[in-house]
Every structure is written in C-alpha cells, then in structure tokens.
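Since the structure comes first, as structure tokens, the remarks are kept for the end.
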Amino acid sequence: MRYTFTIGIILVVSGRLGNPVIQETALQVMTRSPTGLLFLCKEDAMIVVLKPNTSQDEVNSFIDHLKNQGFGVHISHGVDHTILGLIGDTSRMVPEALTANHIVDNVVRVQAPYKMANRAFHPDDTVITAGAGQPGVIPALIGDGSVAVIAGPCSVESESQLTGVAERVKASGARLLRGGAFKPRTSPYSFQGLGGEGIELLLAAKKQTGLPVVTELMSITQLNLFDNIDVIQIGARNMQNFDLLKELGGCGKPILLKRGLANTVKELLMSAEYIMAAGNEQVILCERGIRSFDSYTRNTLDLSAVPFLKKESHLPVVVDPSHACGMNWMVPTLAKAAVAAGADGIMVEVHNNPECALCDGEQSLTPDEFDSLMGVLAKYAAVEGRIL
C-alpha cells in the first residue's frame, strides 16, 4: 500500500480574520489503496496573516523566499486581503518558521481539499465576463450580484430555429444564448447534434443578436472548433474527465462546469480546481440536479448546494432547472427557487416548437412562457435587491 500526502498552505497578507470561512482548516491526505481508489481524508493547511502596514518590498521579499524553497505562490488581491496560496509539497514547511518572520502576525489552520476554488483563497466574489472585446457583442457579467440568465434551445437544429429563439430570448432579457452543437445522449440512436455546423450557426446567431454564446465541449479533439465560443460548457458526464479539464486550463475562456449526475458538491469543487490549477480561473459552477432513488422528476435539484457553494467558494454559481426536473411546467418554480437561494444565474431551455424538438422538448419553455418567467423573476430578484 502506498500513501501520498499533500499539504497546502494559504497566506493572508495584511488581512483581517473576520471572515469565518478563512478561519477553517485544510489538510488533505490522499491515500491510494491497492484497488486504485482514491480516498480524500482531512487536509491540513493554514493562513498566515501579516502585520498591518507591511511594505510591498517586504511582501515581495517574503514571496521570493517561499519561491526559492520550491513553492508555487498564487496571489489574490481582495478588498480586505492580499492572499498568497502556497502550492507544492508543504509537508516540510514548519508553521513556527512562518511565525518567526517579523512581518507575520498570526497563523490559523484552515480546512479544504481544494485551494484555488476556496473562498479562503479569494474572499471576494469572482466576476466573470463573457463576450468582452468583440465588436457587436454585448458583454455579459456573471457573479456581479445580478442574476444572469442563459437561455436557448437544448440542441441547435437549424438556422431559423436558433436565430428565432435567440431574438426572442434577447428581447425577454437573457444575457447569453445557449445551444448544443455536440450532444451527449444516453442512446446511440438519439440525435447527437449538428457538430461543427451547429457551432457555425451559433456564431451566426451571436453576430445577429450580440449575445455571447454557451455550448458544450465533449472532447479535446473538438477544442479547435471553439475558438470563437464565449463560454465552454462541460456537461455532467464529463465533470471528472480530468484530461479534458486540464486541457481547459490553457484555453483562456470561461468554463461552465456542470455537476455530475452522482457527484458530491466537493467533487464539483475539486473538478473546478483541476481547471484552475492548470491556469484558468474563469470557472462557473452549475447545479443541474443529481440522481436519487425517486424518479418522478428527471433529476433532483439540490438547491442546498447553492448557498453551500456561495459560502465555500468565490466562484459564480448558476442553476439549470430544465435538466433538473425534465418537465417544462416545473421549470418556472425551480427557477424562482434558484434566485431565492442566491444563484448568480439560471440556464433555461427555450424552443420555438417544443413538441417537434429533436432533443428534450418536454423540458423546454416556449418563447412566450420564457418571457412570462422573466417578468416574474425580475420581481423575485428585486426582493433581494438584485436585477436580471
């Protein structure tokens, strides 16, 4: 039996310990068993608070000292904190060696198996911009305190279908257009999407409406087709496709990461960690329902995941009520609940003729139904002092 121990350290520079999240712990011991299964146990990490008025030269010198010892240092500048995340084999780092430094005020242990996705690493909410710097495209913010609405058909079927829906959802207030070009289906005989042609239709709809587009990537081999896609969606079935996640670390685009069918919230965060550790911190978490013993809905929407993720992580959280229930009449109720739970956005499937849809028509709203929903959501958001 072989044991691998990974210990992380988080450093808070010139910060305060008022945030209870930052006062938690983080020592992850990864144990690989003879069966090849990976078990996550408790991880020991810490935050180190430097004394107030520490000069930037002293901070830089401290960082250089850590790097010279072979550690990678992740720097995050917040309103109240400048946070350094120490990455590498920290098992040889003695906490007392940190407190001996004259600029260190306090050391507090924290707990979490994920680091870059942890709010202790980044106390302020991450705000992600989709579609910036493109002529004619309206940039969309996710995580800025408003409710970002992503809408469109489950699958791209034709130019008239997609542009018609895109125009309607934009008029109703949607900020981003969704549509599947590559479709992972349970049955090999079901419609699998238009592939590259679907990507071209999405880009044409973006040009016509100015809406940034969101679509699903299924394989590393498809990545070259996504150069002009604004947000890459990783579906539930690929949430733990670690090679794909690592590849996305270098793509420089926002990633909408859906929770797996039977995955825990912490496993979702660990998948986000893969993308972030590979160099891409633009991750949007998506709760889309999980499997349970009951079958009256397609999945079970875990709304409790929303406040948990908002507390535990700085990453934006959106909810997909369409896939969660699989029934269009239930979508508006779940969408309202998602806003009440504090979601940064919702993703809703809209089709101009659901009865004839090639994919998931039973869970799609008509444009008129979506327009009505947006009016109601605006009122729900206003109760919380938010806007769509």
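The values are calculated or read from the model by the stated rules, or taken from the named source; none is laboratory data. Please read these numbers as outputs of a predicted model, since none were measured by experiment. Note that we place each Cβ from the backbone using ideal geometry, even for glycine, and neighbour counts take in every protein chain shown. With ligands, DNA and RNA removed, areas are computed over all heavy atoms of the protein, side chains included. Shrake-Rupley method; radii C 1.70, N 1.55, O 1.52, S 1.80 Å.
In this structure, does E384 turn out to be within 25 Å of V317 (Cβ to Cβ), modelled with pLDDT under 95 and open to solvent by 20 Å² or more (accessible area, probe 1.4 Å)? Yes. Scanning region 116-133 for residues that are in contact (Cβ under 8 Å) with a residue 12 or more places away in the chain and either acidic (D, E) or closer than 28 Å to K206 by Cα (or both) turns up D124, D125, T126, V127, I128, T129, A130, G131. Counting only residues that are open to solvent by 10 Å² or more (accessible area, probe 1.4 Å) and in a helix (DSSP H, G or I), region 244-297 holds 9 of them.
When region 119-145 is filtered for residues that are open to solvent by less than 10 Å² (accessible area, probe 1.4 Å) and either closer than 27 Å to E355 by Cα or under 16 Å from the mean Cα position of the chain (by Cα) (or both), the ones remaining, listed by number, are F121, I128, A130, A140, I142, G143. Restricting to region 196-227, name every residue that is loosely packed, with under 14 Cβ neighbours inside 10 Å, polar (S, T, N, Q) and touching a helix residue (DSSP H, G or I) at 6+ places or on another chain (Cβ under 8 Å). S219, the sole residue that qualifies. When D80, D105 are checked against the criterion of being in contact with a Gly (Cβ under 9 Å, 6 or more places away or on another chain), modelled with pLDDT under 90 and acidic (D, E), D80 stands alone in meeting it. If you check S322 against the conditions, is it within 24 Å of V265 (Cα to Cα), crowded, with 22+ Cβ neighbours inside 10 Å and among the hydroxyl-bearing types (S, T, Y)? Spelling it out, S322 is indeed within 24 Å of V265 (Cα to Cα), crowded, with 22+ Cβ neighbours inside 10 Å and among the hydroxyl-bearing types (S, T, Y). The residues of region 147-190 that are in a loop (DSSP other than H, G, I, E, B) and either among the basic types (K, R) or surrounded by fewer than 16 Cβ atoms within 10 Å (Cβ to Cβ) (or both), listed by number, are S158, R175, K183, P184, R185, T186, S187, P188, Y189, S190. Any residue at all in region 325-338 that's of a type outside the set (V, I, T), open to solvent by less than 30 Å² (accessible area, probe 1.4 Å) and in a strand (DSSP E or B)? For region 325-338, residues of a type outside the set (V, I, T), open to solvent by less than 30 Å² (accessible area, probe 1.4 Å) and in a strand (DSSP E or B): absent.
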